[in-house]
Structures are given as structure tokens and as C-alpha cells.
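Report on one structure; see the data block that follows.
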Amino acid sequence: MFNRNLIFVALVFLYGNLEVNCQMHEPDEIMPEFYAPLENWTVTQGRDIYFTCTVNNLGKYKVAWIKSDSKAILAIHTNLIAHNHRLTVTHNGHNTWKLHVFNVQKNDTGSYMCQINTQPMILQTGYLDVRIPPNILDEADIEGPGSAAMEGGTIRLRCRSTGKPEPKVHWKRKDNRHIVIRSDGAREKQESATVKGDTLELSNVHRTDMGKYLCIAKNNVPPTVSKEFNVQIHFHPMIKVTNQLVAAPTGSNVHIQCYVETSPKAMHSWVKVDGGDLMPNTKYKMSETPINEYSLQMDLTITNLEPKDFGSYLCIAKNALGIAEGSIRLQELRLPSAPTTPEPPELEPEKDGNGESADEDEENLVPVEGEATSNGDNRSSDDQQRQQEQQKQLSVSTKKPLQTVHGVRNGDGGGGNVRHDNKQRHGSVKGSSSGYPARWLLVLTAIVIVILFRSPTVSRW
């Protein structure tokens, strides 16, 4: 019923009524004409557009809007015929009609006609080109082996997209590292920042291939879209220890570490050999620092070292594929004690030129007899008196500081001759009298005492 009514309305619009159709145009009738051509539109999907049809001298005729490719009548004059809520038609009350299309879609693409029901009909056409931004389909994105494989295996990723015009697809790594394409049994490889095509195949994969990859689709219609793929490479855990021997003093804090590579993720722990598992507390501080997708650094800090803390420690990584251990030995560092003031060395007795000490010279001194005088009796009493005086001087000299002796008077009982003979018999003692005043004074005093004791004998001669 609706189609019949639509056809009837169209016939009324095109031919008016039968009487008008059968009549000839008056010779003086002015026919309608278009004032300006219809626009052509190229817009992105979702935008709003309108076609403007300006007619002069419309008179008794009607304006209609028709979709050319489907021959569907959209509107007649100010009446909307099509059942489409995104279409409206307006008239300014004079000579301008507009067809509005809101939120344009892909199926709105095509030719639109502004037509006047004259005989013959006159019309003009405008074109709507709807551009569609790229879109990546959410379907089976991955084909073949998948996005996870054992080290040395193959991974194939596929990214399908739609859009108008047809998008171009390329691949890149999210961290901007190069994509490595290996061939011929991994002996040859090519590195590139991007790879074109909707399929990316990685052969003989290595743990360094692990990470996030981006499929990027663009067709110069904004916005460009991308999709993220997470590539996982599985392998046996591995531990590296850069410093296997650590020394620290008692009472200090020490830091030890291990470098771990593992995929899938592993459980990590610290163990003291012959001491069991270590747990985080005030004594043991543990932390883990990620480095990349498959590696991290394990850290252990032992505070306030005690003798029982020294020994071997193990860092352990365990996942579904196996277990790995790293060993570190902690030993005590003994610091040197504080320096003390050294005692002065004992002075050795001075030796003369013959290698004998001065003390030995004193012991080896030989008394020399003095010469006889004519008045021996008188000298005997005088010598006794002089001996007493010398003994007093000797006792006084032992109490007073020793002084340098420069010589002996010739009149003191021949003491000067005795000293002279001694020098000739034994030679000079090493060093000057000014260097050793106390020693020389003792020697001279001993000589004088010996002479005094020998004086009576000389007087009897």
C-alpha cells in the first residue's frame, strides 16, 4: 500500500495533473532555471553536510531531491519522503532549497540530484564522497604459532584493517628498537625500524625479540590507528653474578646483587648456605629492579654485620622451565689497628777508630809512674794532702753536672804528662772532648786518682 502511495505522489509531482500534462506551455511562459551548480562533498565519516539548490522562476513547478544510484526520492519541495532520521530538507521562502545529511556514513556515498518537474525535466547533480578512517578488526588477530614461543621457534602476527581508501599497514616495536628478521637458520638477519604488510613473521626468535609490537594502519584520513601485540619468548632461567667474593668489616652494612634473565616470570629468593631461606626484615633488606621484559636485578643488603653473617649466599630463580642459582661468598675484612708511638732505640756505646768502645779504653788504661823529685819527703806529705783534695773534688763532681774539660795544669803532680803519655800509648779516643764531656771528665779523674796512689813509691825511688 505504501509503495502505491509513493508512486502516486511521484506521478503527481512529475506530471501535476492530467489536465496540466495535456496542455501546451504558453508561448510567453518563463521556464525555471538553476542559479548555481550543486556542491560536491568529500568528508570524513560522521560529519554533517548539506546540498544547496537555488532555482529562479520556479513558478508552479516543484523541487525534488533524489539519490541517483538508488533512484530513491528523498524529498519533494519541503516534504521529506525518505524514512531516514539523518535527512532533513529546508526552504528559505524564496528560491533556495537545502538537503541536510547528518552524521554521514559509508552508504551515504553517491550522487544526489536536485530535480524540477518541467517537461522535459531539468536537474543538477552533486557528489558526496565519504572517507572512512582506518579501523583494525577485532577478529582472530594471530595466526599460526601465536604470540608466544620457545627461544628458537617462530611467531606469526596478523593485523587486518578496513577504511576508505584502503589503509596501508606497517609494523614497528613500541620501544623503537629494530625488528630483526632472521633467515637461513638464523645465520642471516636483517634489521629494520619498520616492516610493511599486514603479516609479521619472526623466525628463530631470540629473547631480545621479546616485547611489544605495534600494527599501524593509516590511509591519510585521520586518525591513524594502531594495535599492540605482546610477544613472549620462553627460556630456561639464567643468573649472572658480577662479584662472587665480597669482603666487609664487622659492624658495617654490605650489599650483594645478582642479574637474572627468565621467561616466563620466575619466583626469586635468597638463601644462606647452612642457614636456610632469608626473609625481609630489619636485618635483611631485599629488592628487585626490572631492566627489561625478561631481566631484572636482585639486591640483598645485610645490616650490622656479625661474625655469624659471614659465609656463602645463594640467589635463586625458579620458573616452569627450570631453576638457576648464583653463589656469592661474604668474608670478613680485618682493618689495621691504630698506629702507636715507637720507643726510642737504645744507644750503643761509641767506638774509637780501632773498633773499641770508650769504656774499654777506661778499663785498659795503664798508670804511668811519675818522675822523682829532689825533695821526696816533703812531696810525700804534700801528695797526701793533694789526694784528699782530689777525693773531695771527685765527690763534688759526681753531684754537679759534668762539664767539658779543656786541659790539666802542669803543676798538678805531673798529671799533664800522664795524660799526654796515655794519648801516645792508646791513641786518641773517637770524638772530641766537647762531644762527650762527662766521659772525658771521668777518665781524667781516674788517671789523677791512680797517680796519687802511686806517688809514695815514686818518692821512695
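The values are calculated or read from the model by the stated rules, or taken from the named source; none is laboratory data. All of these numbers come straight from a predicted model, not from anything done at the bench. Reconstructed Cβ throughout: ideal geometry from the backbone, glycine too, with neighbour counts over all protein chains shown. We work out accessible area using only protein heavy atoms, side chains counted, and drop any ligands, DNA or RNA first. Shrake-Rupley method; radii C 1.70, N 1.55, O 1.52, S 1.80 Å.
What to note about this one:
- You will find that of ASN40, ASN21, ASN5, the residue that is surrounded by fewer than 17 Cβ atoms within 10 Å (Cβ to Cβ), at pLDDT 50 or above and either within 30 Å of GLY163 (Cα to Cα) or not small (Gly, Ala, Ser) (or both) is ASN40 and no other.
- Matching residues, region 69-103, being within 18 Å of VAL130 (Cβ to Cβ), open to solvent by 60 Å² or more (accessible area, probe 1.4 Å) and of a type outside the set (Asp, Glu): SER70, HIS85, PHE102, ASN103
- Flag for SER161 being of a type in the set (Gly, Ala, Ser), open to solvent by 70 Å² or more (accessible area, probe 1.4 Å) and closer than 30 Å to VAL104 by Cα: no
- In a residue-by-residue description of region 183-197, the property of being of a type in the set (A, V, I, L, M, F, W, C), in contact with a helix residue (DSSP H, G or I) (Cβ under 9 Å, 6 or more places away or on another chain) and either at pLDDT 95 or above or within 30 Å of GLY46 (Cβ to Cβ) (or both) applies to no position.
- Residues of region 47-68 include at least one that is within 60 Å of the chain's Cα centre (by Cα), surrounded by fewer than 19 Cβ atoms within 10 Å (Cβ to Cβ) and part of a loop (DSSP other than H, G, I, E, B).
- Consider region 259-286 and keep the residues that are among the hydroxyl-bearing types (Ser, Thr, Tyr) and under 23 Å from PRO249 (Cα atoms). The one that is surrounded by the most Cβ atoms within 10 Å (Cβ to Cβ) is TYR284.
- Comparison of LEU300, LEU314, LEU305 shows that the only residue that is open to solvent by less than 60 Å² (accessible area, probe 1.4 Å), aliphatic (A, V, I, L, M), within 30 Å of LEU335 (Cβ to Cβ) and not in a strand (DSSP E or B) is LEU305.
- When region 183-238 is limited to residues that are assigned to a loop (DSSP other than H, G, I, E, B) and among the polar types (S, T, N, Q), the one that is least open to solvent (accessible area, probe 1.4 Å) turns out to be ASN219.
- SER147 passes every criterion in (1) loosely packed, with under 14 Cβ neighbours inside 10 Å; (2) small (Gly, Ala, Ser); (3) under 30 Å from LEU321 (Cβ atoms) apart from (1).
- If you go through region 104-124 and pick out every residue that is under 60 Å from the mean Cα position of the chain (by Cα), assigned to a loop (DSSP other than H, G, I, E, B) and buried (at least 16 other Cβ atoms within 10 Å of the Cβ), you end up with 2.
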